[in-house]
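The structure under discussion appears below in the form of structure tokens.
The values are calculated or read from the model by the stated rules, or taken from the named source; none is laboratory data. Note that the structure is a prediction, hence the values are computed from the model and not measured. Here Cβ is always computed from backbone atoms with ideal geometry, including for glycine, and neighbour counts include all displayed protein chains.
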Amino acid sequence: MEYALKLSNVCKEYDSSEFALDNVTFDLPTGTVMGFVGENGAGKTTTIGCILNTLKKDKGSIEIFGKEMNDNDIHIRENIGVVYDGDNFPNYLSAKQLSNIMAGIYKQWDITLFNKYLEIFSLNSNQKISKYSKGMTMKLAIAVALSHHPNLLILDEATSGLDPVMREEILDIFLEFVENENHSILLSSHITSDLERIADYITFIHKGKIILTETKDNLIYNYAILRCSDKNFLSLDKEDIVAYRKRDYQIDVLVSDIEKARRKYPKIIIDHTTIDEIMLLLVKGEN
């Protein structure tokens, strides 16, 4: 299998903070979408910064298209489209002025494609970015990221600030992007319904550590929650428990094989779960 992105034991510490990336390891296969999930402050943006070499990692390795990127690797940078959660461009520019700048940065800048996206997103090319709403600035960033024909998109909350209709259109564009088997996406998002729709893999990060990487289908179809009484909980095999959380009158137990759990525990209520519930149990629960 080929990989667009491989992180191995990546560490990053800050002198002024107790937060640190702790041996972050995951792989993004070429031609797939990986959802990158975690609560605020979990380490998603720091990890992305290390991937893009805007933050210097302390230890570990990061390979993009099979090679470690340094400051001089212009070819690799041109092959990555990036959207940050926040201000991506100077707000005194217009989209037209921004396009002229990008044409001087990216050898493969496609002004025809860029203008096509401006039309799809209903963005006025002559309007200053300062006059755009947050959703409009995010759409502009996505248009820029796609218009220099990258093979890898790295998206930090790229669908935040968009209404449901526009999010649907953006997700369709992302799915169309990865129809090319050489294209891949790393998508950090709090909107887990977006990830349930387009992701092939989900990676959970918590307090700077990767706590789980799984295929999306396995999470949705095979993971489940047992709704246990105290007595039920004591009867469970510890090897079946991924995580658990005590509530007022029951204990929710995350398991990774719903059919096995149904066979072993026929008298316990078992529910299919969601990515939100899985993240809540992994983050707030015990294991």
**Item:** Count of residues meeting criterion [under 21 Å from I120 (Cα atoms), modelled with pLDDT of 95 or more and part of a loop (DSSP other than H, G, I, E, B)] in the stretch 150-177
**Value:** 1
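State all residues of the stretch 39-63 that are surrounded by fewer than 20 Cβ atoms within 10 Å (Cβ to Cβ) and closer than 22 Å to L140 by Cα; if no residue qualifies, say none. It would help to see each step written out before you state the result.
Keep residues of the stretch 39-63 that are surrounded by fewer than 20 Cβ atoms within 10 Å (Cβ to Cβ), which gives 39-41, 45, 49, 52-56, 58-63.
Matches in the stretch 39-63: T45, G49, L52, T54.
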**Prompt:** In the stretch 70-96, which residues are under 18 Å from D156 (Cβ atoms) and either surrounded by fewer than 13 Cβ atoms within 10 Å (Cβ to Cβ) or among the small types (G, A, S) (or both)?
**Reply:** G81, G86, D87
**Prompt:** Are any residues in the stretch 37-63 closer than 19 Å to N79 by Cβ and either free of Cβ contacts under 8 Å to residues at least 40 places away in the same chain or in contact with a helix residue (DSSP H, G or I) (Cβ under 7 Å, 6 or more places away or on another chain) (or both), and if so, which ones?
**Reply:** G49, N53, T54, I62
**Request:** Search the stretch 163-187 for residues that are surrounded by fewer than 14 Cβ atoms within 10 Å (Cβ to Cβ) and pair each with any residue that is among the polar types (S, T, N, Q) when their beta-carbon atoms are under 8 Å apart and the residues are at least 6 apart or on different chains.
**Result:** E181/T30; N182/T30; N182/N151
**Asked** Can we say G66 is touching a residue at least 60 places away in the same chain (Cβ under 8 Å), under 22 Å from V178 (Cβ atoms), surrounded by fewer than 13 Cβ atoms within 10 Å (Cβ to Cβ) and in the same structural domain as E13 (by TED's automatic domain parsing)?
**Response** yes
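So which residues in the stretch 188-236 are among the charged types (D, E, K, R) and either part of a strand (DSSP E or B) or surrounded by fewer than 16 Cβ atoms within 10 Å (Cβ to Cβ) (or both), if there are any at all?
Of the residues in the stretch 188-236, the ones among the charged types (D, E, K, R) are 194, 196-197, 200, 207, 209, 214, 216-217, 227, 230-231.
Passing the criteria: K209, E214, D217, R227, D230, K231.
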**Item:** Leading residue by the ranking (nearest to M279 (Cα to Cα)) among those in the stretch 1-26 that are buried (at least 18 other Cβ atoms within 10 Å of the Cβ) and not aliphatic (A, V, I, L, M)
**Value:** F26
**Message:** I'd like to know if the stretch 252-275 contains one or more residues that are crowded, with 17+ Cβ neighbours inside 10 Å, touching a residue at least 60 places away in the same chain (Cβ under 8 Å) and not assigned by TED's automatic domain parsing to the domain that holds I202.
**Reply:** yes
**Prompt:** Counting only residues that are within 19 Å of A199 (Cβ to Cβ) and hydroxyl-bearing (S, T, Y), which one in the stretch 241-287 is modelled with the highest pLDDT?
**Reply:** S256
**Request:** Taking I154 as the residue in question, decide whether it is in contact with a Leu (Cβ under 6 Å, 6 or more places away or on another chain), over 23 Å from T45 (Cα atoms) and surrounded by 14 or more Cβ atoms within 10 Å (Cβ to Cβ).
**Result:** no
**Request:** Please work out if S122 is surrounded by fewer than 12 Cβ atoms within 10 Å (Cβ to Cβ), more than 24 Å from the chain's Cα centre (by Cα) and within 15 Å of M136 (Cβ to Cβ).
**Result:** yes
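Search the stretch 38-59 for residues being aliphatic (A, V, I, L, M) and not in a helix (DSSP H, G or I), and hand back the single one that is nearest to K284 (Cα to Cα).
At the first step, the residues of the stretch 38-59 found to be aliphatic (A, V, I, L, M) are 42, 48, 51-52, 55.
Filter once more, keeping what is not in a helix (DSSP H, G or I): 42, 52, 55.
On the way: A42: 13, L52: 30, L55: 29 Å.
For the stretch 38-59, the residue satisfying everything is A42.
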**Prompt:** Inside the stretch 9-37, can you point out the residues that are assigned to a loop (DSSP other than H, G, I, E, B) and either among the aliphatic types (A, V, I, L, M) or modelled with pLDDT under 90 (or both)?
**Reply:** Y14, D15, S16, S17, E18
**Request:** Kindly check whether there is at least one residue in the stretch 92-104 that is under 24 Å from the mean Cα position of the chain (by Cα), closer than 15 Å to Y132 by Cβ and not in a loop (DSSP other than H, G, I, E, B).
**Result:** no
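Which residue, of S130, S160, S122, is in contact with a Phe, Trp or Tyr (Cβ under 9 Å, 6 or more places away or on another chain) and polar (S, T, N, Q)?
Values: S160 fails: in contact with a Phe, Trp or Tyr (Cβ under 9 Å, 6 or more places away or on another chain); S122 fails: in contact with a Phe, Trp or Tyr (Cβ under 9 Å, 6 or more places away or on another chain).
It is S130.
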